[in-house]
Amino acid sequence: MLSRAQRMRSGDDFRHTIRRGAKGAQPTLVTHVVPGTGGPTSVGFVVSKAVGSAVDRNRVKRRLRHLMRDRLETLPPGSHVVVRALAPASDVASSTLAVHLDKALARAGVR
């Protein structure tokens with residue numbers, strides 16, 4: 001689980017990150033990253049109804065939170081990251097989702 005300080009909660013933060021951040025796209029997800037200059041790193045998740053039922057959406061969010069928790073150390077301090085799940089995200093294994101997340105972060109210039 002991400003700590004409270006690491007969770008993006010403000011709609012303004014989501015909008016700023018999606019509009020101004022570098023984008024990395026993969027078949028199951030899209031990442032938007034605004035590199036930081038210090039402070040706590042925050043991560044937000046967007047999972048639309050296109051992914052599936054509420055159960056499916058919550059399962060995808062839990063899997064993405066777990067994967068991002070392991071990758072927080074690789075992000076510059078103070079970064080803002082939004083991970084947007086696409087419809088195929090509910091049908092893939094966690095290992096595939098992890099590979100797609102790594103590639104999307106790399107395309108956004110994180111690694």
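Give the aspartates and glutamates reachable from residue 61 as a straight Cα distance under 19 Å; neighbours fewer than 8 places away on the same chain don't count.
Answer for residue 61, where 19 Å is the Cα cut-off: 13, 70, 91, 102, listed by chain and number.
So how tilted is helix 11-20 from the main axis of the chain? Cα-based, degrees 0 to 90, rounded to 10.
Its long axis makes an angle of about 80 degrees.
Could you tell me what fraction of 2.2 N^0.38 Å the Cα radius of gyration of the chain comes to, as a two-decimal ratio?
Details: Rg = 12.7 Å, N = 111, 2.2 N^0.38 = 13.2 Å.
Computed over Cα atoms of the chain, the ratio equals 0.97.
Towards the positive end of the charge dipole of the range 1-96, with charges on Cβ (+1 Lys, Arg; -1 Asp, Glu), say which of 77, 41, 54 has the farthest Cα.
54
Would you work out what percent of the accessible area of the chain, with all protein chains in place, is carbon or sulfur (probe 1.4 Å)? It would help to have the intermediate numbers written out before the result.
Working: 3000 of 5890 Å².
Accessible surface attributable to carbon and sulfur in the chain totals 51 percent.
To the nearest 20 debye, what is the magnitude of the charge dipole of the chain about its Cα centre, counting +1 on the Cβ of each Lys and Arg and -1 on the Cβ of each Asp and Glu? Mind showing how you got there, number by number?
Numbers: 20 positive and 7 negative charges, 43 e Å.
Dipole of the chain, to the nearest 20 debye: 200 debye.
The values are calculated or read from the model by the stated rules, or taken from the named source; none is laboratory data. The model shown is predicted, which means the values in this text are computed figures rather than measured ones. Methodologically, a virtual Cβ is constructed for each residue, glycine included, from the backbone with ideal geometry; neighbour enumeration extends over all protein chains shown. Surface accessibility is based on the protein's heavy atoms, side chains included, excluding ligands, DNA and RNA. Shrake-Rupley method; radii C 1.70, N 1.55, O 1.52, S 1.80 Å.
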